[in-house]
Protein chains: 2
Amino acid sequence: MKIVECVPNFSEGRREKVIEQIVAAMVECPGAQVLDVQSDQDHNRSVVTLIGSPQAVVDAVFQGISVAAQLIDMDHHRGGHPRMGATDVVPFVPVRGATMEDCVALARQLGERVGSELDIPVFLYEAAATRPERRNLADVRRGEYEGLKEEITTNRDQAPDFGPTVVGTAGATAIGARPPLIAYNVYLNTDDVNPAKAIARAIRHSSGGLRYVKAMGLIVEGQAQISMNLTDYRRTPVHRVTELIRSEAARFGLAITRCEVVGLLPTEALIDAARFYLQLADLSSDQILENRLSDEG
Amino acid sequence: MKIVECVPNFSEGRREKVIEQIVAAMVECPGAQVLDVQSDQDHNRSVVTLIGSPQAVVDAVFQGISVAAQLIDMDHHRGGHPRMGATDVVPFVPVRGATMEDCVALARQLGERVGSELDIPVFLYEAAATRPERRNLADVRRGEYEGLKEEITTNRDQAPDFGPTVVGTAGATAIGARPPLIAYNVYLNTDDVNPAKAIARAIRHSSGGLRYVKAMGLIVEGQAQISMNLTDYRRTPVHRVTELIRSEAARFGLAITRCEVVGLLPTEALIDAARFYLQLADLSSDQILENRLSDEG
């Protein structure tokens, strides 16, 4: 049985009743589970994590987008986070038995429905993008709601993948597919932020480090921390990031005191680490007992 | 949903038709899956791995024991492996959502049925044992079929936990509960067997090493190997065994070239290793995405 995750971001983080109604519309769909709802007042944004069978998740998210379009007026939305729609971003993530291609297909299917049934412009992004310049979400969202409202009618390059070439009060929505993201923090045995900042610079993609790592150095409860997003753990695995940090820390005479995962991560990311450290060159997923359980159990 | 594994050992490894009939009786039970059948001609013994819901597994194994009792005559059984019955040993193993206590209860339930419905003497062993001297399977099976046949009628200490105090042609059966066993091999960068033997002695329980490790050193395809059974990976985890070997190998100037798992292992054993090496002190099983999937998915 295929399982996918979807993490729709809604442009409402303050009015609890509105958030509740959006979530309620998604909870009502059988076969999809709402795992988590995180609302941020400063960003005025809520991030919902759903999981379930592909069709159930698409149906649930469609209901959420529909309710958000009714209850959120982007002309009155203010918040610290860049955004272009009531439902701002909808990434599909393969979890179990599902591939990235499956998630791309789901993104397109949902995009088509949102465009035609809800009259909301939809831009496909990341693995679902139809043009290279739309792969990066930041590029798709440049100008935000206010900018897009002007540009979409005049600039041909801004034509959406689905839906009208006019932006209503629900704004526009970016729908895409991406690998699971792991929020990963490494703590060092120091209260000095400078080594953490230097190590973050050394390991992150933007300044010359590993391709799928975003990182910054900071102090958390008096301890230096390298705070990261690992955006594709299959290509830049957790163990490689950890060992690179260990090596960079050693040049300052520092050591890792502990690491932490914030939120969820897939089992596979941990199994990959075990495979590396235990040098299990030939371990196949068939050898993992739980993988042998068929659906009828 | 609770999932248990059961690994019945049958005293037939040569007559394919007999093995097929025993396995067929178990395959027919809905809710239990036969994952593996390993027959050894020298040992004249077959090891079957089943998995499924507790009740389905008990029912399936009961059918297998019943057919084995009809088709195997222990008076005519010869083989290299110690044995006392047509169905010789039946260990239940907790896999997912099930505890050792659940497996002890299953062992007792199956033992009661085998004793009363099939008239086969049953000895409970390991975690299911009713007396300390029956915990160790080797002690229960001492004297084998031939010895037990004599002793069971005269020696009160040999009275079975269930069934008659007389041994028929199906012999007696040991039924118990134990943790999952991991067959784990570590290879060294040498073709000399002596360091492998020395390291095996250093790490195994019997000669002063780790409590739940059985180990021997040998040469496999020209390479030194430490071949192990890890009999309780929760108490003696894979990473600790591996790091102890690494440390002992270093005194010979040797390194680990690779490790391997033979057969199956539970995901938990790999996650424990990742938790150790990545120093994930606070990782909870709730953070693993797949664990959040409810049964209705």
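The values are calculated or read from the model by the stated rules, or taken from the named source; none is laboratory data. Bear in mind that the values here come from a model prediction, so they are computed numbers and not experimental data. With ideal geometry, Cβ positions are generated from the backbone for all residues, glycine too; neighbour counts draw on all protein chains shown. Keep in mind that these areas ignore ligands, DNA and RNA; they rest on the heavy atoms of the full protein, side chains included. Shrake-Rupley method; radii C 1.70, N 1.55, O 1.52, S 1.80 Å.
Restricting the search to helices (runs of 4 or more DSSP H) fully inside region A:92-207 and requiring at least 2 residues that are within 26 Å of A:PRO237 (Cα to Cα) gives A:100-118, A:137-140, A:193-203.
Can you confirm whether region B:25-32 contains a residue that is open to solvent by less than 10 Å² (accessible area, probe 1.4 Å), touching a residue at least 12 places away in the same chain (Cβ under 8 Å), away from chain A (no Cβ under 11 Å) and in contact with a Pro (Cβ under 9 Å, 6 or more places away or on another chain)? Yes; the residues of region B:25-32 include at least one that is open to solvent by less than 10 Å² (accessible area, probe 1.4 Å), touching a residue at least 12 places away in the same chain (Cβ under 8 Å), away from chain A (no Cβ under 11 Å) and in contact with a Pro (Cβ under 9 Å, 6 or more places away or on another chain). When we screen B:VAL104, B:VAL47, B:VAL58, B:VAL114 for residues that are modelled with pLDDT of 95 or more and either under 16 Å from B:ASN9 (Cβ atoms) or over 19 Å from the mean Cα position of the chain (by Cα) (or both), the only hit is B:VAL114. For region B:162-191, the set of residues classified as open to solvent by 10 Å² or more (accessible area, probe 1.4 Å) and within 25 Å of B:GLY79 (Cβ to Cβ) consists of B:GLY163, B:PRO164, B:VAL166, B:VAL167, B:GLY168, B:THR169, B:ALA170, B:ARG178, B:LEU181, B:ALA183, listed by residue number. Across region A:103-147, the qualifying residues are those that are open to solvent by less than 40 Å² (accessible area, probe 1.4 Å) and of a type in the set (D, E, K, R), and the one among them that is farthest from A:SER66 (Cα to Cα) is A:ARG134. For A:GLU12, the conditions (1) part of a loop (DSSP other than H, G, I, E, B); (2) over 21 Å from A:ALA174 (Cβ atoms) all hold with the exception of (2).
Looking only at residues of region A:45-69 that are away from every other protein chain (no Cβ under 14 Å) and free of Cβ contacts under 8 Å to residues at least 40 places away in the same chain, we find that the one that is nearest to A:MET1 (Cα to Cα) is A:ASP59. Restricting the search to strands (runs of 3 or more DSSP E) fully inside region B:212-297 and requiring at least 3 residues that are at pLDDT 95 or above, under 16 Å from A:GLN279 (Cβ atoms) and within 10 Å of another protein chain (Cβ to nearest Cβ) gives B:256-262.
Do we have any residue at all in region A:62-82 that's under 19 Å from the mean Cα position of the chain (by Cα), of a type in the set (Asp, Glu) and at pLDDT 95 or above? Checked region A:62-82: no residue is under 19 Å from the mean Cα position of the chain (by Cα), of a type in the set (Asp, Glu) and at pLDDT 95 or above.
Among the residues of region B:84-102 satisfying the criterion of being farther than 18 Å from B:SER66 by Cβ and crowded, with 19+ Cβ neighbours inside 10 Å, which is nearest to the other protein chains (Cβ to nearest Cβ)? Please lay out each step first, then the result.
Restricting attention to region B:84-102, the residues satisfying the condition of being farther than 18 Å from B:SER66 by Cβ are B:91, B:93-102.
Pick out the ones that are also crowded, with 19+ Cβ neighbours inside 10 Å and you get B:91, B:93-95, B:98.
Working: B:PRO91: 15, B:VAL93: 9, B:PRO94: 11, B:VAL95: 6, B:ALA98: 12 Å.
Among residues in region B:84-102 that are farther than 18 Å from B:SER66 by Cβ and crowded, with 19+ Cβ neighbours inside 10 Å, the one nearest to the other protein chains (Cβ to nearest Cβ) is B:VAL95.
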